[in-house]
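> Below are the structure tokens for one structure; questions will follow.
The values are calculated or read from the model by the stated rules, or taken from the named source; none is laboratory data. Quantities reported herein were computed from a predicted structural model and do not represent experimental measurements. Positions of Cβ are generated from backbone atoms using ideal geometry, with glycine treated the same way; all protein chains shown enter the neighbour counts.
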Amino acid sequence: MVTVRGEEVSGVSADVVVLGLASVVRPTSVAAVYAFLAARSPAPLLIAYLVAGLALSLSVGIAAVTFVHINPPTPAVSTTGRDLVEVTVGVLALGAALYFGLRSPPDARAVARPARPPSAMRRRLARPTVPSAALAGVATHLPGVFYLGALAAIVASRPGLVGGLLQVGLYNLLWYAVPLAALASWTWRPETTRDTAARLTAWVQAHKKSLVVVVFVLVGVYLVARGVHQLTTR
């Protein structure tokens, strides 16, 4: 076990776990997974979704960790940089929470203007194919601020190449938990998987706004508080 000022647990940065858990249930990925499960043959669609998404996100993570391993910054620079990234990502998360919290609900906007036609991605997911599932895997897993914040925490903890790559794998395991669970459930219990996915999707869509706001607020407060604390006590 490696512990640095209480920030590392068993060699894993706390930020990786927090940000990974915050990425588990995302309305767009849940909706995509349900669309695949509703199709006649879900397994090839889920596999394409996972393989394409992981090819992108793992490539970004592996490239970042490998680059920093080859060209390591000084400990002071990497630690300070990590703290600044934490504060920046936390502020962005709080800003996103404010944006989603103040945004008008879809019903209110529908009164003001006609409904928009469905997006190209929604049309593809209405009758998904393996190529459209792969495209959805990439589109719903583009590296965002949470992933960049996790990568900053990984490289700042200077875990070594293998340790860094394992942490990248852990974050992605959490990020892809829903499609991985769906594929495993469909493999072992296909008769109940669709019903379970339908209930989960309905709940997520009904509470989408609250879910997004709560996640962004919790992550934002955590990152800003920890980043400011570390910057002011170093």
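> For the stretch 69-89, give me each residue that is under 16 Å from R226 (Cβ atoms), modelled with pLDDT of 75 or more and either touching a helix residue (DSSP H, G or I) at 6+ places or on another chain (Cβ under 7 Å) or of a type outside the set (S, T, Y) (or both).
G81, R82, D83, L84, V85, E86, V87, V89
> Among the residues of the stretch 52-68 satisfying the criterion of being of a type in the set (A, V, I, L, M, F, W, C) and touching a helix residue (DSSP H, G or I) at 6+ places or on another chain (Cβ under 7 Å), which is nearest to L37 (Cα to Cα)? Step through it out loud before you land on a result.
The first filter runs over the stretch 52-68 and keeps only residues of a type in the set (A, V, I, L, M, F, W, C), leaving 52, 54-56, 58, 60, 62-65, 67-68.
When the remaining residues are screened for being touching a helix residue (DSSP H, G or I) at 6+ places or on another chain (Cβ under 7 Å), the result is 52, 54, 56, 58, 62, 64-65, 68.
Working: A52: 17, L54: 19, L56: 23, L58: 25, I62: 30, A64: 34, V65: 34, V68: 39 Å.
Among those that are of a type in the set (A, V, I, L, M, F, W, C) and touching a helix residue (DSSP H, G or I) at 6+ places or on another chain (Cβ under 7 Å), it is A52.
> Ok, one more. Restricting attention to the stretch 154-162, does a residue exist that is crowded, with 19+ Cβ neighbours inside 10 Å and under 15 Å from the mean Cα position of the chain (by Cα)? Working first, answer last.
Let us first name the residues in the stretch 154-162 that are crowded, with 19+ Cβ neighbours inside 10 Å, namely 154-157, 159.
Cutting the leftovers down to under 15 Å from the mean Cα position of the chain (by Cα) gives us none.
No, the stretch 154-162 contains no residue that is crowded, with 19+ Cβ neighbours inside 10 Å and under 15 Å from the mean Cα position of the chain (by Cα).
> Still on this structure, I have one more. Hey, among the residues in the stretch 27-43 that are more than 19 Å from T192 (Cβ to Cβ) and among the hydroxyl-bearing types (S, T, Y), which one's surrounded by the fewest Cβ atoms within 10 Å (Cβ to Cβ)?
The residue in question is T28.
> Checking L46 against (1) crowded, with 16+ Cβ neighbours inside 10 Å; (2) among the aliphatic types (A, V, I, L, M); (3) modelled with pLDDT under 90, which single condition isn't satisfied?
The one condition L46 does not meet is (3).
> Output yes when any residue across the stretch 5-12 is modelled with pLDDT under 85, surrounded by fewer than 13 Cβ atoms within 10 Å (Cβ to Cβ) and among the hydrophobic types (A, V, I, L, M, F, W, C), and no when none is.
Here is the first cut: in the stretch 5-12, the ones modelled with pLDDT under 85 are 5-12.
Those left that are additionally surrounded by fewer than 13 Cβ atoms within 10 Å (Cβ to Cβ): 5-6, 10.
Now drop any that are not among the hydrophobic types (A, V, I, L, M, F, W, C), which leaves none.
No, because not a single residue in the stretch 5-12 is modelled with pLDDT under 85, surrounded by fewer than 13 Cβ atoms within 10 Å (Cβ to Cβ) and among the hydrophobic types (A, V, I, L, M, F, W, C).
> Take the stretch 184-234 and flag every residue that is charged (D, E, K, R) and either touching a Cys at 6+ places or on another chain (Cβ under 7 Å) or closer than 29 Å to L151 by Cα (or both). Break it down into steps so the answer makes sense when it comes.
Keep residues of the stretch 184-234 that are charged (D, E, K, R), which gives 189, 191, 194-195, 199, 208-209, 226, 234.
Across the stretch 184-234, the qualifying residues are K208, K209, R226, R234.
> Now for a different question. Quick one: which of V178, V228 is crowded, with 16+ Cβ neighbours inside 10 Å, in contact (Cβ under 8 Å) with a residue 60 or more places away in the chain and assigned to a helix (DSSP H, G or I)? Let's see the steps before the verdict.
Working: V228 fails: crowded, with 16+ Cβ neighbours inside 10 Å.
Step by step, each of V178, V228 is checked, and only V178 is crowded, with 16+ Cβ neighbours inside 10 Å, in contact (Cβ under 8 Å) with a residue 60 or more places away in the chain and assigned to a helix (DSSP H, G or I).
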